[in-house]
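These notes concern the structure reproduced below.
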Amino acid sequence: MRMKKRAVAVALLTAATVALTGCATSGSTGTDAAACAPSKGKVDLTFTTWIPGMEDTVAVWNKANPDIQVKVQTGPNGNGGTYQNFFNQLKAGNAPDLGQIEYDALPNFRVQDGLTDLAACDGVLDAKSDFVDWTWGQVNFGEDKSVYAIPQDAGPMAMFYRTDLFKANNIEIPTTWAEYATAAEKIRATGGYITNFSQSDINQFAGFVWQAGGKWFKNDGDKWTVDLTDPTTTKVAAYWQDLIDRDLVSTNPPWTDEWNNAYNSGSDWTWNSAAWGANSIASGAPDTAGKWAVAQSPQWKAGDKASGNWGGSSTAVFKGSKHPYEAAKFALWLNTSAESLTMLNKSANLYPAAKSGLDLPALKEGVPFYGDQAIYDEFATASAQVSPDFVWGPTMTQTYNDVSDGFKGAVSGKGTLAEALKVGQANTIAAMSAQSIPVNK
């Protein structure tokens, strides 16, 4: 029921996004859909992603499909540079055939008319029932007979924590954010930090707001409302600002050597992250194998059961691809094949969007790095607790960039998180207005 409710909400709001941006929608009769026919002869495709182990998974496809060969190009995570590269490549007319795009960024590419409608490609519309309902709603923008990407994974959030450090220092595992702050004080007294606050990946902060019940964007069918300073967001910002001001959290840029070293050395003890984060810790902190576990995220009120979502991606075919039929065929295999889903879970801890993927043996097994805990049971619980009502705006890449600039200043003592959000809101409204997207000012 929760999934169906979310799918409806996303469908209505994303449909409004397309209508309000003035983008042409191809639907079932559009030029994109009509052009999806098999190519003649051998086809070579390019696919840009940042998922670890993707080359090995694609090698399985290439071995079984000699006439459709896929070359993997790797880059930084989306907001770390790959999305900007995509926009530059689309403008120059040399974008890859396929690209990994997170759900919150898809509207940006739709606004720029950078996505191919795959609806007429063989098997795409029929694949709707293969995916968790809300993820399909993320990729069709409310157009029942259009599909602009194939869902890949979801990012329900939970708390990774060092079991050995908490036990050795006789500190209770926090179950509320108040307890988390208290634990942060005790951990700082030992010389460590309870966690790292991301100054550049605003998606994590959005997940915290999502869990707390905040809403940044609303659409009434005529205009958008942008509110990055709503009371809930303000509460979340004040909480983290307090921890920053008291030097209770580290502030290393994520996925840098400094970030990895802090977790590998035991300086940072927890990370509130998505299911895919299991791989980030395992690869960045290899010396800590067997010392981690996963628990539900701390709650704002004892006894509550709420989770946020961070990330989750799709595989899109860009405008300009000469082989949408073959690209769609590969994207479907990549995100529904039991072999592919198992490999990507093993290499990158992806939490599948495909319904069949949730029953894979790999998701039921204990994970050695996490003390043989069946960590995906925790993420399954978290996934069921994610609110269906959080809405992404049509210019999220710009919003993230603006807020990130302010967050970087805040962690160095120049401004605050609240001020950064206020500036981000003003700039988002200006950016939407510049693109003729009706917005309440």
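The values are calculated or read from the model by the stated rules, or taken from the named source; none is laboratory data. None of these values were measured; they are calculated from a predicted model. Every residue, glycine among them, receives a Cβ derived from its backbone with ideal geometry; neighbour counts consider all protein chains shown. Keep in mind that these areas ignore ligands, DNA and RNA; they rest on the heavy atoms of the full protein, side chains included. Shrake-Rupley method; radii C 1.70, N 1.55, O 1.52, S 1.80 Å.
For the structure I just gave you, tell me whether Gly266 is open to solvent by less than 40 Å² (accessible area, probe 1.4 Å) and part of a loop (DSSP other than H, G, I, E, B).
Spelling it out, Gly266 is indeed open to solvent by less than 40 Å² (accessible area, probe 1.4 Å) and part of a loop (DSSP other than H, G, I, E, B).
Could you look through segment 205-226, keep only residues that are within 20 Å of the chain's Cα centre (by Cα) and part of a loop (DSSP other than H, G, I, E, B), and pick out the one that is farthest from Ser433 (Cα to Cα)?
Gly213
Among the residues of segment 425-441, is there at least one that is open to solvent by less than 40 Å² (accessible area, probe 1.4 Å), more than 22 Å from Ser273 (Cβ to Cβ), touching a Leu at 6+ places or on another chain (Cβ under 7 Å) and not in a helix (DSSP H, G or I)?
Yes, some residue in segment 425-441 is open to solvent by less than 40 Å² (accessible area, probe 1.4 Å), more than 22 Å from Ser273 (Cβ to Cβ), touching a Leu at 6+ places or on another chain (Cβ under 7 Å) and not in a helix (DSSP H, G or I).
Sort out which residues of segment 82-100 are assigned to a helix (DSSP H, G or I), touching a helix residue (DSSP H, G or I) at 6+ places or on another chain (Cβ under 9 Å) and under 20 Å from Asp201 (Cα atoms), and write them in order of number.
Residues satisfying the conditions are Tyr83, Gln84, Phe86, Phe87.
Find all pairs meeting these conditions: Cβ atoms under 9 angstrom apart; at least six residues apart or on different chains; first residue within segment 416-437 and more than 11 Å from Pro394 (Cα to Cα) and charged (D, E, K, R); second residue open to solvent by 60 Å² or more (accessible area, probe 1.4 Å) and not in a helix (DSSP H, G or I).
If the second residue must be open to solvent by 60 Å² or more (accessible area, probe 1.4 Å) and not in a helix (DSSP H, G or I), no pairs are left.
Pick out the one residue from Ala238, Ala293, Ala302 that is surrounded by fewer than 22 Cβ atoms within 10 Å (Cβ to Cβ), closer than 30 Å to Gly357 by Cβ and not hydroxyl-bearing (Ser, Thr, Tyr).
Ala293
Tell me, please, whether a residue that is at pLDDT 50 or above, of a type outside the set (D, E, K, R), open to solvent by less than 50 Å² (accessible area, probe 1.4 Å) and part of a helix (DSSP H, G or I) can be found in segment 41-48.
Among the residues of segment 41-48, not one is at pLDDT 50 or above, of a type outside the set (D, E, K, R), open to solvent by less than 50 Å² (accessible area, probe 1.4 Å) and part of a helix (DSSP H, G or I), which makes the answer no.
Mind listing whichever residues of segment 372-399 are open to solvent by 50 Å² or more (accessible area, probe 1.4 Å) and not in a helix (DSSP H, G or I)?
Asp372, Ala384, Asp389
Considering only residues that are open to solvent by less than 30 Å² (accessible area, probe 1.4 Å) and not in a loop (DSSP other than H, G, I, E, B), look in segment 169-201 and name the one that is nearest to Ala274 (Cα to Cα).
If we take residues in segment 169-201 being open to solvent by less than 30 Å² (accessible area, probe 1.4 Å) and not in a loop (DSSP other than H, G, I, E, B), then Asn196 is nearest to Ala274 (Cα to Cα).
So how many residues does segment 183-205 have that are touching a strand residue (DSSP E or B) at 6+ places or on another chain (Cβ under 9 Å) and more than 14 Å from Leu243 (Cα to Cα)?
Qualifying residue count for the region: 2.
Just give me the residues in segment 56-97 being among the charged types (D, E, K, R) and loosely packed, with under 15 Cβ neighbours inside 10 Å, in sequence order.
Scanning segment 56-97 gives Asp56, Lys63, Asp67, Lys71, Lys91.
Look through segment 115-125, keep the residues that are of a type outside the set (Gly, Ala, Ser) and closer than 29 Å to Glu55 by Cβ, and return whichever of them is most open to solvent (accessible area, probe 1.4 Å).
Of everything passing the filter in segment 115-125, Asp122 is most open to solvent (accessible area, probe 1.4 Å).
For Gly290, which of the numbered conditions (1) in a loop (DSSP other than H, G, I, E, B); (2) farther than 27 Å from Ser250 by Cβ fails to hold?
Checking Gly290 against (1) in a loop (DSSP other than H, G, I, E, B); (2) farther than 27 Å from Ser250 by Cβ, the one that fails is (2).
Of all residues in segment 316-367, which are surrounded by fewer than 20 Cβ atoms within 10 Å (Cβ to Cβ), touching a residue at least 40 places away in the same chain (Cβ under 8 Å) and among the acidic types (Asp, Glu)?
Listed by number, the list holds a single entry, Glu339.
Restricting to segment 328-359, give me the number of residues that are over 25 Å from Lys291 (Cα atoms), outside any helix (DSSP H, G or I) and not hydroxyl-bearing (Ser, Thr, Tyr).
The number of residues fulfilling the criteria is 3.
For every residue, the table says whether it meets (1) within 30 Å of Pro438 (Cα to Cα); (2) open to solvent by less than 10 Å² (accessible area, probe 1.4 Å).
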{"residue": "Asp113", "(1), (2)": "yes, no"}
{"residue": "Trp134", "(1), (2)": "yes, no"}
{"residue": "Pro151", "(1), (2)": "yes, yes"}
{"residue": "Tyr161", "(1), (2)": "no, no"}
{"residue": "Lys167", "(1), (2)": "no, no"}
{"residue": "Asn203", "(1), (2)": "yes, yes"}
